[in-house]
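This report concerns only the one structure given below.
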Amino acid sequence: MAYGLLNGKRGIISGALNEQSIAWKVALKAKEEGASFVLTNAPIAMRMGEINRLAEQCSAEIIPADATSVEDLEKLFTQSQEVLGGKIDFVLHSIGMSPNIRKGRAYTDLNYEWFKQSLDVSAMSLHKMLQVAYKQDAIAEWGSVVALTYMAAQRTFPFYTDMAEAKAMLESITRSFGYHYGKFRKVRVNTVSQSPTVTTAGSGIGGFDKFYGFADKIAPLGNASADQCADYCLTLFSDFTRMVTMQNLFHDGGFVSTGVSQEVMESL
Ligand code: NAI
């Protein structure tokens with residue numbers, strides 16, 4: 001059921017790779033709620049071509065941008081404002097990638113060049129997006145920026161390797177830039193810390209299946225799905241959350257606050 005939550009709002013949605021992507025669900029629901037937006041992803045991800053189907057469904061233009069390239073991001077924000085006919089009301093940062101995870105390197109055997117790439121793609125890209133938007137004054141007053149993160153920023157999950165540092169940095173940028181953008185244009189910046197979710201990025205993490213099941217048994221509400229995550233993101237883009245900023249918001253069915261559950265105790 002649609003509520004018209006985003007009627008008349010203009011957005012930029014990054015990170016929709018395929019139907020499983022959290023960003024894909026955000027796009028479909030944002031459309032339903034009345035938003036117009038552009039889709040963006042790394043040029044290399046475009047080659048898969050699936051995003052074209054989403055763009056058609058949402059009547060959205062695609063503007064390719066490597067989120068590590070300031071030049072690409074400058075074009076993204078300029079062109080998005082042209083295409084959408086005004087300043088941007090919401091931005092979804094749904095970008096993560098670790099070469100160390102992809103290539104199966106353990107935390108005690110990291111390749112440091114790849115470590116830098118993990119930080120650049122998964123965390124510094126948020127700073128770059130925000131700085132480009134700030135300099136262009138591209139985000140409207142009371143706009144909202146949401147980035148997706150994972151609890152390994154606070155607690156240790158050994159298989160998450162250098163992405164734990166990337167997420168900690170992402171959440172820190174959220175607080176730091178949230179201050180500056182709040183002062184400048186009352187723009188809010190938050191992270192949503194999502195349950196393990198079956199997507200290309202999620203499933204790439206070692207031991208994901210087992211961990212998915214474990215988290216589901218710990219959380220009193222069970223794991224939050226990608227669809228539910230999208231619903232939550234939309235509330236943060238809406239006018240109902242105008243005073244929420246610089247926060248890391250757990251969307252995890254209660255996992256982070258639960259020490260142990262009955263189900264896990266009984267399985268030992
Ligand atoms: P996904 O694999 O569908 O999305 C990741 C996206 O990042 C892809 O669309 C990919 O093309 C994009 N990307 C990679 N490098 C890029 C670059 N240089 N420039 C622009 N885009 C680039 O997976 P998912 O799960 O939807 O990931 C979205 C976000 O959610 C990520 O930040 C991820 O860390 C986060 N997250 C995922 C969880 C999970 O279990 N799947 C749990 C908590 C957070």
Is it the case that THR245 is in a loop (DSSP other than H, G, I, E, B), under 16 Å from HIS93 (Cα atoms) and either in contact with a His (Cβ under 9 Å, 6 or more places away or on another chain) or not acidic (Asp, Glu) (or both)? yes
Region 220-244, residues that are free of Cβ contacts under 8 Å to residues at least 40 places away in the same chain, of a type in the set (A, V, I, L, M, F, W, C) and either under 26 Å from MET97 (Cβ atoms) or crowded, with 18+ Cβ neighbours inside 10 Å (or both): ALA224
Residue in region 203-219 that is among the hydroxyl-bearing types (Ser, Thr, Tyr) and either under 17 Å from LEU130 (Cα atoms) or more than 13 Å from the ligand (Cβ to nearest atom) (or both) present: no
Test: residue in region 90-111 that is in a helix (DSSP H, G or I) and closer than 21 Å to VAL187 by Cβ: no
Condition first: under 16 Å from ILE88 (Cβ atoms) and either within 14 Å of the ligand (Cβ to nearest atom) or touching a Gly at 6+ places or on another chain (Cβ under 6 Å) (or both). Now tell me which residues in region 32-61 satisfy that. GLY34, ALA35, PHE37, VAL38, LEU39, THR40
Just one listed residue, out of MET1, MET46, is more than 24 Å from PRO196 (Cα to Cα), in contact with a strand residue (DSSP E or B) (Cβ under 8 Å, 6 or more places away or on another chain) and not charged (D, E, K, R), and it is MET46
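None of the figures in this text is laboratory data; all of them are computed from the coordinates on show. This structure is a prediction, so every number in the text was calculated from the model and none was measured. Because the Cβ atoms are built from the backbone with ideal geometry, glycine has one as well, and the counts that use them run over all protein chains shown.
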